[in-house]
Amino acid sequence: MGESSDDIDQMFSTLLGEMDLLTQSLGVDTLPPPDPKPPRAEFNYSVGFKDLNESLNALEDQDLDALMADLVADISEAEQRTIQAQKESSQNQHHSASTEASNFSGAASLGYGANVTATSVSQYVDDLPPPPADPVLDLPLPPPPPPPEPLSQVSLVVKVHMDDNSTKSLMVDERQLARDVLDNLFEKTHCDCNVDWCLYEIYPELQIERFFEDHENVVEVLSDWTRDTENKVLFLEKEEKYAVFKNPQNFYLNNKGKKEGKETNEKMNAKNKESLLEESFCGTSVIVPELEGALYLKEDGKKSWKRRYFLLRASGIYYVPKGKTKTSRDLACFIQFENVNIYYGIQCKMKYKAPTDYCFVLKHPQIQKESQYIKYLCCDDARTLNQWVMGIRIAKYGKTLYDNYQRAMARAGLASRWTSLGTVNAVTPAQPCTGLKTGATQPNGQIPQAVHAASAVLEEAQRQAETAKEKRPAPGNHREPAAPRAHPAPRASLPPPPPVRRSSDTGGSPAPPDDFLPPPPPPPLGDAELPPPPPPELADSPPDFVPPPPPPPVLAGDPGSALPPPPPPPPSLRPECAGPSPTVAKRPPMPPKRHDNPGLPAGGGSGEQDFMSDLMKALQKKRGNMS
Amino acid sequence: MAGMKTASGDYIDSSWELRVFVGEEDPEAESVTLRVTGESHIGGVLLKIVEEINRKQDWSDHAIWWEQKRQWLLQTHWTLDKYGILADARLFFGPQHRPVILRLPNRRALRLHASFSNPRTVILSLPQLFSGIRHPEELSLLRKKKKKEKEPEEEVYDLTQVVLAGGVAPVLFRGMPAHFSDSAQTEACYHMLSRPQPPPDPLLLQHLPRPSSLVDKTQLHSRWLDSSRCLMQQGVKAGDMLWLRFKYYSFFDLDPKTDPVRLTQLYEQARWDLLLEEIDCTEEEMMVFAALQVPGGPGRLGVAGVRASIPLTPLLPQDSLTAIPELKDHLRIFRDGSPAGELTLKGYRQYWVLFKETTLSYYKSQDEAPGDPIQQLNLKGCEVVPDVNVSGQKFCIKLLVPSPEGMSELYLRCQDEQQYARWMAGCRLASKGRTMADSSYASEVQAILAFLSLQRTGGGGSGNHPQGPDASAEGLNPYGLVAPRFQRKFKAKQLTPRILEAHQNVAQLSLTEAQLRFIQAWQSLPDFGISYFMVRFKGSRKDEILGIANNRLIRIDLAVGDVVKTWRFSNMRQWNVNWDIRQVAIEFDEHINVAFSCVSASCRIVHEYIGGYIFLSTRERARGEELDEDLFLQLTGGHEAF
C-alpha cells in the first residue's frame, strides 16, 4: 500500500504543480503551447503544497478531495495537455525545487478570491484504525521536519473567491490570523502583495460586508457563520483598508471650521503625514478622529430612517438627544464597540429604503440573520461613510490597526521607503498568532508596545523581496508556529486520519486500502447520530467545532457564484468514480462524474471535469498496477 | 579695601556706606553697615557681611537680594558698580532656599526647601527628590488661588529635613528611594506620592469650585508661574503654597516601572480634572472612570483594606483538580424582556441549571437533567451584565447571548452573594471563551465578592443596615467616584450598579494597569489637553477663547463653545510677542497670519505654553534623558531672558 500511495501522492503533487502553473499562465492571453517545464511546475507545486502539508493530518479524505477539486477547478483546458505531458515526463521531479521565476507578472493580474469554506475539523487520533488511506495523504513529503503540533488542532478548508471569479481553497488552521492567510494567498496568487489586499467577508443575506482585520483569527470569525450560510470570503484589493495611514489628513484634519463637503483630498507632504500618524497612533493612547454629523438611523424593525446628530468618541458612538446640545454631558450613548463589528451595508437603498447607499452596519459577529440587534446607519456621501467606518475601526482596534498596517507595509516590500520615513522603529510586527482575539482590545487599553527592532521589518522586507522574485521555496515563508508542517506521529503509522470527525464515525471501518484505491472514507454523514448534513453551500463548522462538519464533499460552491469548482466528490462516491474513469479518460473528457454525484453542486468548467477524469483515470491505473 | 581714612577720621577714598539687612525681606531685621566702594566685588561684600554678623553659621546658601530691582546678586565677581548699586539700594542678605508648601496633583501638601533664586531648579530637582518622576519639564508651578474663606488645615508632609545624596540617582531601599526610608514620616510621604489617594469625600467634592463655562476654565491658566524667573522675582514668599501640576499635556514615554510617582500623580490630576469637571465626559465614560478608581481585582485589594471582609471559603466549585469544573444549582430564570419589578420575583421560574465549560443548560428539575434541556446556551461572546442590589438582596446576572438570529436575553437570579459570585465569574469567563478551569476563576470570584462587600457597606443602601460587624467605614460611596453632576442625576443605588457593570471589565487589572487605563481613557476624551485662554483676535471686536493643545491652537467661540478654526503647530513658521502691546503674532504656512492679545492671562503665559509645546515636541527626536534647558528657556523665555 505504501507504494501505491506514494505513486498517488506523486500524481497528486504533479497535478497540483500543473494547476499552479496553469493558473499562473491564465493571466496571459496567449498561452504558449504547453511546453511543460517541469521544474517550474514543480516549484509552484511546492508552494501550493506546503499549505497542504501544514494540516494534512487533520484532513479528512473528503476534505482533501474538496481541496483537490477546488484546485483542479482553477485549471483550464489548456492545462490539460500540459498535464498529460507531465504525467509522463515529470513524475519524479517534484522536489527539484526549481528557482526559476516564472512569468509571474501575468499572474498578478489574476485576483484570486478565495472562498471556500469548509470544513474539516478534525481531531486527529493516533490510534485510529488505518484510515481509509487517502493516497494523497501519503505523499512523499519531505520528511516532516517540525515537531508535531498539538494534535487537537482544528483546521478549515476555506474557499476564497478571487476577484476574477475564480476560487482558491486553502487550509486555515485555528491559529492563523488573517495576515497569515493573506500571506498564503500572496504566495499562491503572485499578486503584488500591496497593503490593500484583504480578506473580505460578505453576507449576501444581510447585504453587508467588511474587511477581516489582519490580526483577526480567521477560523474564529468563520465559526460564527451558520452551517447553511451563503457568506463568502473574498480576496481582493480595497483601498479603504488602510486609507487612514496613507492619507491621515483626510481623517484627522477634517477641519470642523469649514463646513464644505469638499471632495478634494487635501494634499500633505510625507513628513507631515508621518508626524500626524505618530501623534495619533504612537502616544500613550490612540487618538480617534473627531467625527460628528447628522446620519440616518434605521429604526428597529422598520424601513424608516430617522436623522440624528451623531458623534464618534473613543468610547463609542453617541447622539444628541432632542433638545440637547452636543456637549459631552448631554450626549446619549448609541453603541459601544466592544461586542460589535462594523460592516458596509450594500444596496440598503433598495433593501431597506435607505436615503442613500452609503450605509454602515454594526452588529455582533455572531448574528447572522436579520435582527433588531443589527444597527444600520446611513451617511450622506461616500467620504463621510469612509470616515465613519475608519473612525470606528480606530476606536475599536486602536494601535493594533497601525501595527497591522506596518506589518502589511513590511510585507509589501516597502521597507526601504518606510525606513526613510523614519518610523521604522515603531514597527511592531504582529505577534505570533494565537487563537485568542488578542487584537480586539479597545484603544484606550492599549499600552504602547515596546518598540521592536527594525531588523524585524527588514527581515520581513527581505522575505518579501524574495518572495516576489519567486526564488524562495515555500516552506521558508512562514514563521508562524501555526504551520505545522507535518505530524510525524500520525505519519508514521501512515494512516491518514480517518475522515471521521467524531469517534462514533470510526465505527465504519475504513476499507483496506488495497481493495479500492481511492479508499472510500466512511461516509462522513452516514453515522447514526448525524443526519447527513444537507449539502451546504458553504460548509462551515459550528462555532465550537464540536459538531460534525458539514459533509465535506458537498460543500463547495455557493450558488451565487457560478464559477467555482465543484466540490470534490463525496468520498463514498469515489469508488464509483473510479469505475467509470477509464472510459472517461479519453479526451474529450466526459462530463465529470462529479456532477453525477448526488449532492454536488453543478457548475465546474468542462476543463476541470476533464481534469478530474484524468485524475481518476490515473488513479485507476495506479490501482491497476499495484494490484 | 574700602574705608581708608585720614587721622581726622575722614574717608579719603571714594568709599561709602552700604546697609544690608540680614534675613528675608523683613525691614525690621537686623542689619549691618559696611564701608564699600564702587569697585568692591560682591564676593568681598559677602565676606564682610559675614564678618560683621560674626556668628557661627553655615552661610553658604545665603546671597544678596536687591529689593528695588527684584534681583539676586549672584555674580560674585561683579562689582557694585557693574550691578549699579548705590547707597540707597535695599539689600537683603538671606538664604536662597526657603521652605514652600507644594500642593501636588493629588491635592496633598508637601513642605520642602525650594530655590528662590534659580528659576528652574524647583522643577528640575523633583526627579531626584521624588525619584520616579521623570520628565519634570512637563510640570510647572501655579500660584495658589486667592482664598475667600479659610480652608480647613490640611496635613502637610514635611520633606525639609531630607538630605539628598548629591548628583547620583537615588538608591532604592525597601522599594523606595533611600532618602525616604529614613523615618516613618518620610516613608508615609513616599506612599502618598506613589499610591493613589482614597476617593474624596462626596460632600467636599460638592463644595469645591467647578468651572461652569469655558471662561471659568481660563482662570486656572492665569496663575502659572513664569519659568524663566525665580520665585523671589515673582513675589513668592517663604512658606507660601504653590501648586504643582502637569502643565503640558504631552506625556513622554510613560513607564509604570520607572515612573511610579509620575504615573500616580498624573492619574490623580486626571481624576481631579474629571471629578471637578475641568473636563467633560459622557455618562458611560464616567462609569468607566469610576470603576477604575474602585479598588478591586487581585492587585488592588490590598490597597483599600477590604481584606477583612472577603469571605474566602467555598470558592472552588469542585475539589478535585482533574474534573472539569461545573456549576449546578437551582436558580430562578427569567427569559425574554426585562423582569417587571426591581425586587420582585415575578416572572422568574425556578429551574435546575447546569453550567459546564462555556455552556449553560437548564431543566425543569434535577431529575430531568440527563435528558434534553429546555434550553442550552453557549455563552461564548455573550454580554454579561450584573444586576445587583446588595441591600435589596438582589443578585441577578443578565445575559445577552448572541445567536445567528439575534440576541436572547436571560436573567439568572442567585440567592446570595456566594452563589452569585461563582456563577458570575463562570459567566464572565465563558463570555471570553474560557472555562471555570481557567486559573483566573478563583480571583474573579474574589474580585466580585470584594466589590459586593464594598457595596454593602457603602452608600448603595437606602436605609438598609449594613450586614455584619465587618462592615467598616471603608465601604464604597459611589458619589466619591463621579463628578458632582452625576451625584445630582443618580441616586446612589442607581449609580452603584452602573459602576459595577463597568467594573467587571476592569476588575482584573492591577493597580498600575488601572491607573494607566484611567490616564489613557482621559487622554481619549475629545477635550483632553486643551488649555483655555481668553483672547482678542486682531480685527475682532469680541473676546474669544484660544485653546492650546500639544499639537494645535484652537479658536473657539466664547458664547457657543464651537470650534471656529484650528491651526496645527506643524504648520507654524514662527511666532512673535510684542511685549508692549501684549500681542502674540503667529505665522503659519501659506502666509496665514494670526495675531491676538491676551485678556485672561498675561501673554507671557501664552507664549510660554506655545514655546513649551514646541520644545516638548523636539523630545521625540532627541530621545535622550538630557534636557536641553537652554532650548527650553529660549523657546519659553521672554526677551528678558537674554
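The values are calculated or read from the model by the stated rules, or taken from the named source; none is laboratory data. Since we're looking at a predicted model, the values are computed, not measured. Don't worry about glycine lacking a Cβ; one is built from the backbone with ideal geometry, like all the others, and counts go over all protein chains shown. Accessible surface areas use protein heavy atoms only, side chains included; no ligands, DNA or RNA. Shrake-Rupley method; radii C 1.70, N 1.55, O 1.52, S 1.80 Å.
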Just checking, how many residues over segment A:237-246 are under 24 Å from A:Ile367 (Cβ atoms) and surrounded by fewer than 23 Cβ atoms within 10 Å (Cβ to Cβ)?
2
Could you go through segment B:144-152 and let me know if any residue there is modelled with pLDDT of 80 or more and open to solvent by less than 50 Å² (accessible area, probe 1.4 Å).
no
Among the residues that make up segment B:578-594, is at least one of them outside the structural domain of B:Ser250 (by the TED database), within 19 Å of B:Gln634 (Cβ to Cβ) and not in a strand (DSSP E or B)?
yes
Without any contact (Cβ under 8 Å) to a residue 60 or more places away in the chain and buried (at least 18 other Cβ atoms within 10 Å of the Cβ): is that true of B:Pro199 in this structure?
no
Of the residues in segment B:555-572, those that are more than 8 Å from chain A (Cβ to nearest Cβ), closer than 19 Å to B:Val599 by Cα and either open to solvent by less than 50 Å² (accessible area, probe 1.4 Å) or of a type in the set (Val, Ile, Thr) (or both) number 3
Is there a residue in segment B:485-492 that is surrounded by 18 or more Cβ atoms within 10 Å (Cβ to Cβ), among the charged types (D, E, K, R) and out of contact with any strand residue (DSSP E or B) (no Cβ under 7 Å at 6 or more places or on another chain)?
no
Filter segment A:323-350 down to residues that are loosely packed, with under 15 Cβ neighbours inside 10 Å and not polar (S, T, N, Q) and give me whichever is farthest from B:Leu525 (Cα to Cα).
A:Met350
So B:Ile545, is it without any contact (Cβ under 8 Å) to a residue 60 or more places away in the chain, among the aliphatic types (A, V, I, L, M), away from chain A (no Cβ under 12 Å) and open to solvent by less than 10 Å² (accessible area, probe 1.4 Å):
no
Listed residues B:Leu266, B:Leu254, B:Leu220; which is open to solvent by 10 Å² or more (accessible area, probe 1.4 Å) and within 14 Å of another protein chain (Cβ to nearest Cβ)?
B:Leu254
When you check A:Thr400 against the structure, is it of a type in the set (S, T, N, Q), over 21 Å from A:Leu177 (Cα atoms) and touching a Gly at 6+ places or on another chain (Cβ under 8 Å), yes or no?
no
Can you give me the ranges of the strands (runs of 3 or more DSSP E) entirely in segment A:284-391 with at least 3 residues that are without any contact (Cβ under 8 Å) to a residue 24 or more places away in the chain and away from every other protein chain (no Cβ under 12 Å)?
A:305-313
Just one listed residue, out of B:Val390, B:Val401, is open to solvent by less than 20 Å² (accessible area, probe 1.4 Å) and either more than 27 Å from A:Trp225 (Cα to Cα) or in contact with a His (Cβ under 8 Å, 6 or more places away or on another chain) (or both), and it is B:Val390
Tell me, yes or no, whether segment B:509-517 has at least one residue that is surrounded by fewer than 20 Cβ atoms within 10 Å (Cβ to Cβ), in contact with a Lys or Arg (Cβ under 9 Å, 6 or more places away or on another chain) and within 11 Å of chain A (Cβ to nearest Cβ).
yes
For segment B:106-132, what are the residues that are closer than 22 Å to B:Ser228 by Cβ and not in a helix (DSSP H, G or I)?
B:Leu112, B:His113, B:Ala114, B:Ser115, B:Phe116, B:Ser117, B:Asn118, B:Pro119, B:Arg120, B:Ser125
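In segment B:365-376, is there at least one residue being surrounded by fewer than 17 Cβ atoms within 10 Å (Cβ to Cβ) and modelled with pLDDT under 75?
Scanning segment B:365-376 turns up no residue that is surrounded by fewer than 17 Cβ atoms within 10 Å (Cβ to Cβ) and modelled with pLDDT under 75.
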Could you please give the count of residues in segment B:476-508 that are within 11 Å of another protein chain (Cβ to nearest Cβ) and more than 18 Å from A:Ala314 (Cβ to Cβ)?
4
Tell me which of these B:Ala601 doesn't satisfy, since it passes every other one: (1) over 26 Å from A:Glu274 (Cα atoms); (2) over 24 Å from the mean Cα position of the chain (by Cα); (3) outside any helix (DSSP H, G or I).
(2)
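Could you look through segment B:405-427, keep only residues that are part of a helix (DSSP H, G or I) and open to solvent by less than 10 Å² (accessible area, probe 1.4 Å), and pick out the one that is nearest to the other protein chains (Cβ to nearest Cβ)?
Of all residues in segment B:405-427, those part of a helix (DSSP H, G or I) come to B:417-427.
After this cut, where a residue has to be open to solvent by less than 10 Å² (accessible area, probe 1.4 Å) as well, the list is B:419-421, B:423-427.
Details: B:Gln419: 26, B:Tyr420: 22, B:Ala421: 23, B:Trp423: 20, B:Met424: 18, B:Ala425: 19, B:Gly426: 17, B:Cys427: 14 Å.
Filtering segment B:405-427 for residues that are part of a helix (DSSP H, G or I) and open to solvent by less than 10 Å² (accessible area, probe 1.4 Å), the one nearest to the other protein chains (Cβ to nearest Cβ) comes out as B:Cys427.
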Members of segment B:269-285 that are within 9 Å of chain A (Cβ to nearest Cβ) and part of a helix (DSSP H, G or I)
B:Glu283, B:Glu284, B:Glu285
Output yes when any residue across segment B:383-401 is away from chain A (no Cβ under 14 Å), in contact (Cβ under 8 Å) with a residue 60 or more places away in the chain, in a loop (DSSP other than H, G, I, E, B) and among the aliphatic types (A, V, I, L, M), and no when none is.
yes
Exactly one condition in (1) open to solvent by less than 20 Å² (accessible area, probe 1.4 Å); (2) within 27 Å of the chain's Cα centre (by Cα); (3) touching a residue at least 12 places away in the same chain (Cβ under 8 Å) is not met by B:Asn477; state its number.
(1)
